[in-house]
Amino acid sequence: MYISQYEIDGSKAVLNKGNLYRIQKVMRRAMCGEHITVGFIGGSITQGCLASSYETCYAYLVYQWWCQKFSNAQIAYVNAGIGGTTSQFGVARADKDLLSYDVDVVVVEFSVNDLDNAHFCETYEGLIRKVYGYKTEPAILIVNSVCYDDGVNAQTQHVRIGKAYEIPCISMKPTLYEKMLEGAYTNRDITADGLHPNDEGHGLMAEIITHFLDEVYEELLMGKREKEPPVKVNEISAITDNAYENSIRYQNTDRMVVVENDGFVPDLRPQEDIREIFRCGWTADQKGARICFEIEGTCIGVQYRKSVVQPTAIAQAVIDGDASKAVILDGNFDQTWGDSLYLETLAEHLPYKKHCVEIELIETHVNDQVPFYLVSVIGSGTKNNSVDGKNVRF
C-alpha cells in the first residue's frame, strides 16, 4: 500500500459520513472470507490516465487495501473509468460496464468531468439511484477529485446527492488541494497537467480514501455498527426531475430504432474493451447523408467523435422535425489531447413519447481526413419525468 511522506489530515476529506450499514455489511462478509467485487466508475482519473501503470492508479490501490485487509476473502476488481466522460454517459452505461459484474462496493468519481450545474446534478442523481437500487445493494462511496490548477470540481452538486441518499462523500479539495496551497508540495509534484494525478497524486488519493475505509473498519471492530439499513431507493424522493435514471444507449446493434438511413455506414468492428469508444456506431462522409432514429423518452443525447485530425464533416441534429431548434454537431475538436467521445444534449424534459431524431451531414470538405463518426443516441426518462415540454439545450 502507498504510504506518503506528507501529513494529510484524512478527516477533513469527509464531507458527508452517511449511513455506513452497507459498507459495514460488505466488510463483515469479507471478514468471513466471502467473495466480493469492488467496482469503480468515473472519468480519466479513475481510468488511471497519467499513472505509470494500472497498478499505481488510485482505484487499484484502493482495491489493494481490500485485498490486504481481508486476505482470506476472494476480491474481484472492476475499473469502469473512461476518460473524458461524464455521469450523463455513466448512467447510460452503468448496467453493462459496472453492474453486470454484481458489484458489492462502488466508488463513483465524476467531479472534474461533470460541471457544477443543475443538469449534472440530475444526471449524477440518476447514476447514484441506478447503482444504489441494484439487486446486490452495493455500498457506494462518492469521491470528489479536483482540478489542481484552480480548485474547480462539481462537489457542491455531488454532495447534495450524497446527503440526500446518506452516502459517504470524500473530497480531495479540502485535503490534497489545500495541502498544496499550504506549500507541502507543488502542483507539478502530484500532477503533470494540473488535473490528472501522477503516481504520487494517485497514491495520495488512495491514502485519503483508505483513511476513511480504515476508520469504518475500526468502528466495526469496536462494535460501532450502523443499527438501521439505509432507506431503499424507491422510498427516497428524488431531489431533481430525475429523468436520467432510466437511460438507454442505442448503437448499430439496436436496429429497431433506426427508421431511415441514407449514407451512414455501420461500424461492425467488435468492441473488445470499454475504452474502445469509437465502435458500434455509424460513419458518413458525404454531404446530405442522413439517418433517423425513433427514440422513446423525455431527454435525448447524441454521442459523436470530435477529431483532432482535421478537417472533418459537420452534422446537424433535429428533433421531431423542428429545424428551428437544430443542434450543430461539429466533428472538429479544438483541443489537442486526442479524439473526444462528445456527448451533446439535444433536448431535455420533452413530453414523454417516441421522438424522431434526424442527423444529417450539412458540411463536408474535399480534404476531410476522417469521416464523421456517430457513436450512439441516448434516450432517457419515463412518463413520470415528462415535466412541461420545455426544450432545454446545453
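Viscosity 1.567 mPa s, temperature 4 °C: give me the Stokes-Einstein translational D for the range 192-243 in µm²/s, with Rh taken as the Kirkwood radius over C-alpha pairs. Spell out each step's value before the answer.
Values: Rh = 14.9 Å.
After rounding, the answer is 87 µm²/s.
Considering all alpha-carbon pairs of the chain, what whole percent are spaced by more than 34 angstrom?
In whole percent, the share of Cα-Cα pairs in the chain beyond 34 Å is 31.
List the DSSP H helices in the chain whose Cα atoms stretch 18 Å or more along the helix axis and whose mean Kyte-Doolittle hydropathy is at least -1.0.
Numbers: long enough: 118-132 (21 Å, -0.18); 199-221 (32 Å, 0.05).
Qualifying helices, which must be both long enough and hydrophobic enough, are 118-132, 199-221.
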Would you compute, for the Cα atoms of the range 279-333, the largest minus smallest coordinate along each principal axis and list the three values in descending order, in whole Å? 34, 26, 18
Past 23 Å, Cα to Cα: identify those pairs from 325/354; 135/354; 12/163, in the order given. 135/354
What ranking do 55-64, 313-322 get when scored by the average of other Cβ atoms within 10 Å per residue, highest first? 55-64, 313-322
Compute the distribution of all C-alpha to C-alpha distances in the range 296-394, in bins of 5 Å from 0, and list the percent of pairs in each, rounded to whole numbers. 3, 14, 22, 22, 16, 11, 7, 4, 1, 0
I need the peptides 359-371, 290-302, 213-225 ranked by packing, meaning the mean over residues of other C-beta atoms within 10 angstrom, with the highest value on top. 290-302, 359-371, 213-225
Which aspartates and glutamates have a Cα less than 16 Å from the Cα of residue 130, not counting those fewer than 8 places away in the same chain? 95, 97, 102, 104, 109, 122, 166, 235, 241, 245
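Please report the antiparallel percentage of DSSP beta bridges with both residues in the chain, rounded to the nearest 5. Write out the running numbers ahead of the final one.
Values: 47 of 69 bridges.
Looking only at bridges with both residues in the chain, the antiparallel portion is about 70 percent.
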Can you spot the lysines whose alpha carbon is less than 18 Å from residue 306's alpha carbon? Ignore those fewer than 8 places along the same chain. 287
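Using alpha carbon coordinates only, what is the Rg to Rh ratio of the range 99-191, with Rh defined as the Kirkwood radius?
On the way: Rg = 14.6 Å, Rh = 14.1 Å.
A ratio of 1.03.
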Enter the per residue convex hull volume of the range 37-82, computed from alpha-carbon coordinates, in Å³ rounded to the nearest integer. 54 Å³
The correct ranking of 71, 111 by accessible area at 1.4 Å, largest first, is 71, 111
dims of the range 1-59, Cα set, principal axes, largest to smallest, nearest Å -> 35, 28, 23
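By the scheme Lys and Arg +1, Asp and Glu -1, what is the net charge of all other residues having a beta-carbon under 10 Å from that of residue 242?
Working: positive: 129; negative: 122, 125, 241, 245.
Net of charged neighbours comes to -3.
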Give the lysines reachable from residue 224 as a straight Cα distance under 19 Å; neighbours fewer than 8 places away on the same chain don't count. 17, 25, 69
Could you work out the helix-only [θ] at 222 nm for the chain, with each DSSP H run of four or more residues adding -39,500 (n - 2.57) and the total divided by the number of residues, to the nearest 500 deg cm²/dmol? -7000 deg cm²/dmol
In the range 1-149, how does Rg compare with the Kirkwood Rh, expressed as the Rg/Rh ratio over alpha carbon atoms? 0.95
Taking the alpha-carbon set of the range 69-127, what are its Rg and Dmax in Å? 13.4, 44
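So how do 332-341, 142-151, 11-20 stack up, highest first, on mean other-Cβ count within 10 Å? Before the final figure, lay out each step's value.
Working: 332-341: 13.8, 142-151: 21.5, 11-20: 18.3.
Descending packing order for the listed peptides: 142-151, 11-20, 332-341.
The values are calculated or read from the model by the stated rules, or taken from the named source; none is laboratory data. Worth saying up front: this structure is predicted, and the values here are computed from it rather than measured. Glycine gets a Cβ as well: all are built from the backbone with ideal geometry, and neighbour counts include every protein chain shown. With ligands, DNA and RNA removed, areas are computed over all heavy atoms of the protein, side chains included. Shrake-Rupley method; radii C 1.70, N 1.55, O 1.52, S 1.80 Å.
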